[in-house]
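Undergrad: So that we are looking at the same thing, I have put the structure below in structure tokens.
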Amino acid sequence: MLTSSDVLFDRPPRNTRPQSADPQVAPPEEAPPEEAPPETEDVPTEDTDYRLDEPWSVILYNDEIHTFEEVIGQLRKATGCTRGEAEDYAWEVHSTGKSAVFEGEFEECFEVQGVLREIQLVTEIEG
């Protein structure tokens with residue numbers, strides 16, 4: 001004679017999913033399909049080394065913060081110009097709003113700009 005316990009273990013109950021042996025292990029997931037790498041376009045690089053030797057200029061802009069004496073002293077320190085030249089630059093900056101205070105190779109202009117910016121003078125390098 002069959003007992004109810006025999007029937008329960010004889011076959012799995014209906015409407016249930018088979019379980020793995022370890023209940024904490026999730027079934028393996030499907031790996032997402034590999035995507036093709038995005039199409040890239042070769043962009044030609046511009047050779048800019050030739051521009052470093054061209055004449056560059058340090059432009060000094062007017063501000064309402066620094067005195068004439070501060071600007072003149074910093075111009076002399078940065079460019080090595082005479083006091084008269086520094087005064088002329090300072091007056092040009094004051095009256096027109098800007099002046100090209102130094103011309104040379106880019107590296108030289110970068111150094112001059114760094115000295116002028118020591119006291120927060122507003123400058124720009126143009127080439």
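The values are calculated or read from the model by the stated rules, or taken from the named source; none is laboratory data. Worth saying up front: this structure is predicted, and the values here are computed from it rather than measured. Ideal geometry is used to build each Cβ from the backbone, glycine not excepted, and the neighbour counts take in all protein chains shown.
Undergrad: When you scan the stretch 42-55, do you find a residue that is surrounded by 10 or more Cβ atoms within 10 Å (Cβ to Cβ), closer than 27 Å to G97 by Cα, modelled with pLDDT of 65 or more and of a type outside the set (S, T, Y), even just one?
TA: yes
Undergrad: Taking into account only those residues within the stretch 110-119 that are over 22 Å from the mean Cα position of the chain (by Cα) and within 20 Å of G97 (Cβ to Cβ), which is surrounded by the fewest Cβ atoms within 10 Å (Cβ to Cβ)?
TA: Going through the stretch 110-119, the residues over 22 Å from the mean Cα position of the chain (by Cα) turn out to be 112, 115-116, 118-119.
If we keep only those that are within 20 Å of G97 (Cβ to Cβ) as well, we get 112, 116, 119.
On the way: V112: 25, L116: 22, I119: 13.
Filtering the stretch 110-119 for residues that are over 22 Å from the mean Cα position of the chain (by Cα) and within 20 Å of G97 (Cβ to Cβ), the one surrounded by the fewest Cβ atoms within 10 Å (Cβ to Cβ) comes out as I119.
Undergrad: Now a separate question. Suppose we keep only residues that are small (G, A, S) and not in a helix (DSSP H, G or I) within the stretch 57-94. Which one would you say is farthest from C109 (Cα to Cα)?
TA: The extreme case among them is G80.
Undergrad: Which condition number in (1) free of Cβ contacts under 8 Å to residues at least 60 places away in the same chain; (2) in contact with a strand residue (DSSP E or B) (Cβ under 7 Å, 6 or more places away or on another chain); (3) crowded, with 21+ Cβ neighbours inside 10 Å is the one that E92 fails?
TA: Exception for E92: condition (3).
Undergrad: Tally the residues that are within 18 Å of E70 (Cα to Cα), in a helix (DSSP H, G or I) and not acidic (D, E), restricting the search to the stretch 97-127.
TA: Residues in the stretch 97-127 being within 18 Å of E70 (Cα to Cα), in a helix (DSSP H, G or I) and not acidic (D, E): 7 in total.
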